[in-house]
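The values are calculated or read from the model by the stated rules, or taken from the named source; none is laboratory data. Here the structure is a predicted model, which is why all the values come from computation and not from measurement. So basically every Cβ, Gly included, is an ideal-geometry build from the backbone, and we count neighbours across all protein chains shown.
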Amino acid sequence: MTLSGLDNLVYLNALNCLPFLGPRRITTLIRYFGAAGAAWKAPEKDLKQVDGLSGLESRMVEARKNIDPGLEWNRIDEHGIKCMGIDSAEYPALLRQLPYPPPVLYYRGVLNESFNPSISIVGSRRSTFYGKEVAHRLAWELSAAGVSVVSGMALGVDTAAHRGCLENNGFTVAVLGCGLDHCYPPGNYDLMEQIISSGAVITEFPLGTKPLPGNFPQRNRIISGMTQGTVVVEATAKSGSLITADLALEQNREVFAVPGNIGSPYSRGCHQLIKDGAHLVESAVDILKEIMVEQQVEEQLTITGSESSLTDKEKALLGEIPYQSMHIDDIVRTVDGTASEIITTLLALELKQVIRQTPGKYFCRI
């Protein structure tokens, strides 16, 4: 990076450390003064000439007294964090198309040309087993087709999507609603490190920013804005995932939704999206054809085992197991044979990856 380029990032970060500015005002300042450094050093009388500061000129002058741009930049370096401005080659191209994209992004890991094509997968934190399984499978299938997966590293659907992509050695990006000196949720620290090792964790928030509720709608616009489409796996009628879907529509991106159980509150948001015109998703193929990615044969886009290798007894038992969880007692009552024979066959089906056991001795088809 050239000295002038580094100097620009130093002052971009300093401007970004003023929480009352935000992307729109920072962009306005840079356009007016021509560079981040000039905007940072501008006297109050010149700041008053800038439309859009809304009387914040004196507040900005006072706040600058408490921030040393050089020291703030050293903090970024000490944390092993990389920083890029909107003109950087690594900056996500689709994100740059937004009306007021983040003027600066912080990241750990790597962002490169392989990032596109890309899809975001979002959903409820309190997801069901079904939701996690679908998110995991879609991410696995998309990565098999060379599509990058973006999500927010929240519990539930987000975590499942990241893990599905990682398990297939795919490229995944987690977008955080806090500074990179925080891991949110804290329980996903190991996942965060795994993502960094082969993908990237990014944020527009400077060091020290806590994961406050108001940050997440702003974070969501990056999740949808840096991808060609957003898939909502599970969402209640008032889910934050629907905000991401709305943002995707505003950004002229594709919106996809996964149908679920009509009796589940976690399906209502997705079903409403489908009623409103979102693409219904049953597999990654439904997504790939909409974002114009050359499809592989459908058999290659599945993580389930092959039913062709099953014995007649295993096929018969598999036919009785639904895609929703069924308790072992109900399976024993439904299927001919002794309990021990059925349990042995269930184990064989599980090993062949055509069924999965869920907590409480429930089984379901994959």
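For the range 155-164, what are the residues that are farther than 11 Å from Leu142 by Cα and buried (at least 23 other Cβ atoms within 10 Å of the Cβ)?
Within the range 155-164, Val157, Asp158, Thr159, Ala160, His162 qualify.
For the range 30-89, give me every one of the helices (runs of 4 or more DSSP H) that falls completely inside it and has 1 or more residues that are under 34 Å from the mean Cα position of the chain (by Cα) and not hydroxyl-bearing (Ser, Thr, Tyr).
36-41, 57-64, 69-78
How many of the residues in the range 324-358 are in contact (Cβ under 8 Å) with a residue 60 or more places away in the chain and of a type outside the set (S, T, N, Q)?
Qualifying residue count for the region: 1.
State the number of residues belonging to the range 299-356 that are within 28 Å of Ala284 (Cβ to Cβ), among the charged types (D, E, K, R), part of a helix (DSSP H, G or I) and modelled with pLDDT of 85 or more.
Here the count works out to 3.
Mind checking whether some residue in the range 165-185 is crowded, with 23+ Cβ neighbours inside 10 Å and in a helix (DSSP H, G or I)?
yes
Any residue at all in the range 34-46 that's at pLDDT below 95, among the aromatic types (Phe, Trp, Tyr) and under 23 Å from Leu180 (Cβ atoms)?
Checked the range 34-46: no residue is at pLDDT below 95, among the aromatic types (Phe, Trp, Tyr) and under 23 Å from Leu180 (Cβ atoms).
Out of the residues in the range 219-244 meeting the condition of being among the aliphatic types (A, V, I, L, M) and over 13 Å from the mean Cα position of the chain (by Cα), tell me which one is farthest from Cys178 (Cα to Cα). Don't jump to the end; show me each part of the working.
So in the range 219-244, the residues among the aliphatic types (A, V, I, L, M) come out as 222-223, 226, 231-233, 235, 237, 242-243.
Retained after the next criterion (residues that are over 13 Å from the mean Cα position of the chain (by Cα)): 235, 237, 242-243.
Details: Ala235: 23, Ala237: 26, Leu242: 21, Ile243: 18 Å.
So the residue we want is Ala237.
Going by the structure shown, is Asp158 part of a loop (DSSP other than H, G, I, E, B) and either touching a Ser or Thr at 6+ places or on another chain (Cβ under 6 Å) or touching a residue at least 24 places away in the same chain (Cβ under 8 Å) (or both)?
No.
Condition test on Pro99, is it surrounded by 22 or more Cβ atoms within 10 Å (Cβ to Cβ) and either under 14 Å from the mean Cα position of the chain (by Cα) or closer than 30 Å to Leu29 by Cα (or both)?
no
Among the residues of the range 132-183, how many are of a type in the set (S, T, N, Q), closer than 25 Å to Gln218 by Cα and out of contact with any helix residue (DSSP H, G or I) (no Cβ under 6 Å at 6 or more places or on another chain)?
Within the range 132-183, residues that are of a type in the set (S, T, N, Q), closer than 25 Å to Gln218 by Cα and out of contact with any helix residue (DSSP H, G or I) (no Cβ under 6 Å at 6 or more places or on another chain) number 1.
Can you find a residue that is in contact with a Leu (Cβ under 7 Å, 6 or more places away or on another chain) and among the polar types (S, T, N, Q) anywhere in the range 157-176?
yes
Yes/no matrix, rows are residues, columns are (1) over 18 Å from the mean Cα position of the chain (by Cα); (2) assigned to a loop (DSSP other than H, G, I, E, B); (3) free of Cβ contacts under 8 Å to residues at least 60 places away in the same chain:
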| position | (1), (2), (3) |
| --- | --- |
| Met192 | no, no, yes |
| Asp246 | no, no, yes |
| Asn261 | yes, yes, no |
| His271 | yes, no, yes |
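Looking at (1) farther than 19 Å from Leu176 by Cβ; (2) without any contact (Cβ under 8 Å) to a residue 24 or more places away in the chain, find the lone condition where Tyr91 falls short.
Only one criterion is unmet by Tyr91, namely (1).
Based on what the data block shows, is Ser264 modelled with pLDDT of 90 or more, at negative phi, assigned by TED's automatic domain parsing to the domain that holds Val157 and hydroxyl-bearing (Ser, Thr, Tyr)?
So Ser264 does not fit the description; no.
What single numbered condition from (1) without any contact (Cβ under 8 Å) to a residue 60 or more places away in the chain; (2) over 19 Å from Gly80 (Cα atoms); (3) in contact with a strand residue (DSSP E or B) (Cβ under 8 Å, 6 or more places away or on another chain) fails to hold for Pro185?
(3)
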